[in-house]
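Below: one structure, written as structure tokens.
Coordinate-derived values only; no laboratory data. This one's a predicted model, so the numbers in the text were calculated from it and none came from an experiment. All Cβ positions, even for glycine, are placed from backbone atoms using ideal geometry, and neighbour counts span all protein chains on display.
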Amino acid sequence: MTSQKEGNGSSPSDAKTNGHVDSEAATAGGNDDNSLDAILVRIGQFGRYQIINYVLLCLPMLFNAFFSISYVFTASTVVHRCNVPQCDSPTSAYEEDWLNFTIPYKSSAWDACHRYAVNESEIASGFTDPSGEYCAKDYFTSTSETCGHDFKFRDEEKTISTEFGIYCEDEWKLSMVGTINNVGQFVGIPLGGFFADRYGRRTMLAVAGSLSALMGVIRSLSNNYSMFMAFEFLDMAVGSTLFPTAFLLAIELVGPKRRVAAATIITIFYSLGEAFLGFLASQVQHWRWLLRVLYAPAVLQILFLWILPESVRWLLSQGAEEKAADVLRRAARINKRSLPEEQVEELLASNRQKLSQANESQYPIMRAVRTFSLRIANCCLCWFTHTLIALGLSLNSVNLGGNKYTNFMLNGFIQIPGLLLPLVIMDRVGRRYSLCASMLLCAICMGASAGVPAENYAGSLTLFLIGKLAITCSFQILYFFTSEIFPTNVRNSLLSLCSMVGRIGSMLAPQTPLLAKYYIYAPQILFATFALISGFLTLAFPETADKVLPTTMEEARDLNTAKRRAKGVMEDELAEGVEPKVSQ
């Protein structure tokens, strides 16, 4: 990052700053493809105007974190054990001295669904203890039995499990909530992208955010499981577009030299949203009120229609030139920068030419699939692995032992260094080795955690957090990496394909906690296996560090043989909007 503050709202009379801006703008303005970037450099790459709107766009990122994973708490199991009629009274607690002979103990906890059967022969013979009660070891056998829905609970927490009577053999219904949530995202993200392209980024953000909030509030009124599931799906079908839409709007606001930092910071707000969700859930332990606390404020996102600017790039793509020019003029005015009308006219003229030629472009997607079939398959596996593990770890964090709310908050906070680490290692180590090393570190941590006793909470938590940091780091690298290995005219299509296949992993992730019922370490072993296999397969990708983005099929195919550009030269070219040439 450069230390020059081009966009901080400083006085235009600052000769050094203005001289730097004019130089960059002149260079960028020489290329029609980047005339908008040239204007952003001139009016301030991250000035007061961008900061105000950027802060507003961080709010949908927080809400999206709430919406996409609130089911961890609203549809969670609650700690319970069977009621023992011979021993329990209305005032008895979850923990009692006589549990060791009335309730089986396994996996470091009292069995939630079974109790020891009563020795009927002893009771029939009239054998009693001196107090005349049957709560004694002699009255119970070592044979376990189910106890229906007759339970004692440890905590005051209320979820749909306690509300709708979902326990034991029916707990798959709780895991299914997460799967339906991700099916909603699978449907909603492409639909949201379509409507955002059709009606505008700002419009989609405001409408989708407020509709999703409405779905969440209605869901809090559910009177049965089916109604809850229906609105869980609808919530994500309309609200899953918040993340990509807010992300794009935020990135399009800032100048070229500030985009990497802007992309990283706004992504961090999603992680902060997860951590804040854990805190709110610890304070509001009734699922209905938790949903209202999370969703009701989000209705105000409809105000974005009046307080957020529309994407300049979208307005230009729709031919709304005057509206786009008005947004740029307002940004320049708030940033206290000058914007020559000649440069605005140049942008509009260049845009008219692009629109007139838009129908001439070709998208040889089928040829790309044939040419890069192995690369695409590897990319899909890698995305599947990351979505499975990243979401799976978040969901399993509440099952680690200790305080589940603290665990979930730590799960959110540990993602922040995981998002920042790629900025340090990607260019130094290379995309491919960074990705491989991060995934292997995750695999090692998950494999090692299978050897740590469940009673060792500190050891389990430490390995979990390192593994979560590693998979977050590799996921961030994957976003950059997979956007660099395909040619320009099919890049978005193939990246979307990999992402859509990856979404299958997030649909399966909510089911992974169920594996622990068969073997306590099954989820960790599953994550370790996928991370290990996919981690080694990432070495088959071509290295893209310090190489120009491939424009043609041939350039993408020959990435392994392409020579690296001088790092400083390439950064300057890309930041100034000059299209560097590929060195073969």
task = Would you be so kind as to identify which of Q285, F372, T179 lies farthest towards the positive end of the dipole of the chain, taking Lys and Arg as +1 and Asp and Glu as -1 on Cβ and the Cα centre as origin?
result = F372
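Summing Lys, Arg as +1 and Asp, Glu as -1, what charge do residues with Cβ under 12 Å from the Cβ of E252 carry, E252 excluded? Walk me through the numbers on the way to the answer.
On the way: positive: R201, R202, R258, R259, R313; negative: D37, E310.
Residues close to E252 contribute a combined charge of +3.
Per 0.36 nm of contour for each residue apart, how much would the distance between L303 and E120 grow if the chain were fully extended, relative to their Cα-Cα spacing?
Here the segment from L303 to E120 would lengthen by 59.1 nm.
If you stretched the chain out fully between R352 and K323, how much longer would it get, using 0.36 nm times the residue separation minus the C-alpha to C-alpha distance? Write out the running numbers ahead of the final one.
Values: separation 29, 0.36 × 29 = 10.44 nm, distance 1.44 nm.
Extending this stretch completely gives an extra 9.0 nm.
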task = Collect residues whose amide H, placed 1.01 Å from N in the peptide plane, falls under 5 Å from the amide H of F140; neighbours closer than 5 in sequence don't count.
result = N119
Stokes-Einstein D (µm²/s) once Rh is taken as the Kirkwood radius of the stretch 473-515 over alpha-carbon pairs, at 10 °C in 1.306 mPa s = 135 µm²/s
request  = Work out the charge dipole of the stretch 512-560 with +1 on the Cβ of Lys and Arg and -1 on the Cβ of Asp and Glu about the Cα centre, then indicate which of T512, F541, T552 is farthest towards its positive end.
outcome  = T512
message = If I measure Cβ to Cβ between cysteines in the chain, which ones have no partner under 4.7 Å?
response = C58, C380, C382, C436, C442, C445, C473
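Using R₀ = 45 Å, calculate the FRET efficiency as 1/(1 + (r/R₀)^6) where r is the Cβ-Cβ separation of R330 and T406; round to 0.05.
Calculated value: 0.50.
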task = Return the calculated 222 nm mean residue ellipticity for the chain, to the nearest 500 deg cm²/dmol, obtained by summing -39500 (n - 2.57) across DSSP H runs with n ≥ 4 and dividing by the residue count.
result = -20000 deg cm²/dmol
remark   = Residues meeting the amide H criterion for H286 (H placed from the backbone, H to H distance under 5 Å, 5 or more places apart or on another chain) are K158
note = the stretch 263-323, convex hull of Cα, quarter of hull surface, nm² -> 6.0 nm²
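Per-residue counts of other Cβ atoms within 10 Å, averaged by peptide: what ranking do you get for 59-66, 190-197, 46-53, highest first? Each step should come with its number before you reach the end.
Values: 59-66: 24.1, 190-197: 17.0, 46-53: 20.1.
So the peptides 59-66, 190-197, 46-53, ranked by packing, come out 59-66, 46-53, 190-197.
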query = What order do you get for 160-166, 210-216 when each peptide is scored by the mean count of other beta carbon atoms within 10 Å, highest first?
reply = 210-216, 160-166
note = Tilt, helix 415-429 to longest principal axis of the chain (alpha-carbon atoms), in degrees rounded to tens, equals 50 degrees
query = For the stretch 331-430, with the dipole built from +1 on Lys and Arg beta-carbon atoms and -1 on Asp and Glu ones, taken about the Cα centre, which of L381, Y405, N335 lies farthest toward the positive end?
reply = Y405
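With +1 on each Lys and Arg Cβ and -1 on each Asp and Glu Cβ, how big is the dipole of the chain about its Cα centre, in debye rounded to the nearest 20? Intermediate values should be presented prior to the final figure.
Numbers: 48 positive and 53 negative charges, 323 e Å.
The dipole magnitude comes to about 1540 debye.
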ask   = In the neighborhood of K106, defined by Cβ-to-Cβ distances under 14 Å, what is the net charge if each Lys or Arg adds +1 and each Asp or Glu adds -1?
value = +1
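If I take R0 = 30 Å and measure r between the Cβ atoms of A454 and L423 in this structure, what FRET efficiency does the formula 1/(1 + (r/R0)^6) give, to the nearest 0.05?
Details: r = 36 Å, r/R0 = 1.21.
Once the sixth-power term is evaluated, E becomes 0.25.
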query = Counting only residues 5 or more places away or on other chains, whose amide H sits under 5 Å from the amide H of F151 once H atoms are built in the peptide plane?
reply = N83
Surface/4 estimate of mean projected area, convex hull on alpha-carbon atoms of the chain, nm² = 29.3 nm²
query = Tell me, what HN-Hα J-couplings in whole Hz come from the Karplus equation 6.51 cos²θ - 1.76 cosθ + 1.60 at θ = phi - 60° for each residue of the stretch 202-217, using x for Gly and Pro?
reply = 4, 4, 5, 4, 5, 5, 5, x, 6, 5, 4, 4, 5, 4, x, 5
request  = Return one number: the angle in degrees, 0 to 90 and rounded to the nearest 10, between the long axis of the Cα atoms of helix 404-413 and the longest principal axis of the Cα atoms of the chain.
outcome  = 20 degrees
key: Cβ-placed point charges (K, R +1; D, E -1), dipole of the stretch 438-564 about Cα centre in debye, nearest 20   = 180 debye
request  = Quick one: net charge around L57, please, counting Lys, Arg +1 and Asp, Glu -1 for every other residue with C-beta under 12 Å from its C-beta.
outcome  = +1
task = Give the angle, between 0 and 90 degrees and rounded to the nearest 10, that separates the Cα long axis of helix 321-334 from the longest principal axis of the Cα atoms of the chain.
result = 80 degrees
request  = Between T552 and D197, take the C-beta separation as r, use R0 = 30 Å, and let me know the FRET efficiency to the nearest 0.05.
outcome  = 0.75
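Length gain on complete extension for the stretch R367 to A93, per 0.36 nm per residue less the alpha carbon to alpha carbon distance?
Extra length available between R367 and A93 comes to 92.0 nm.
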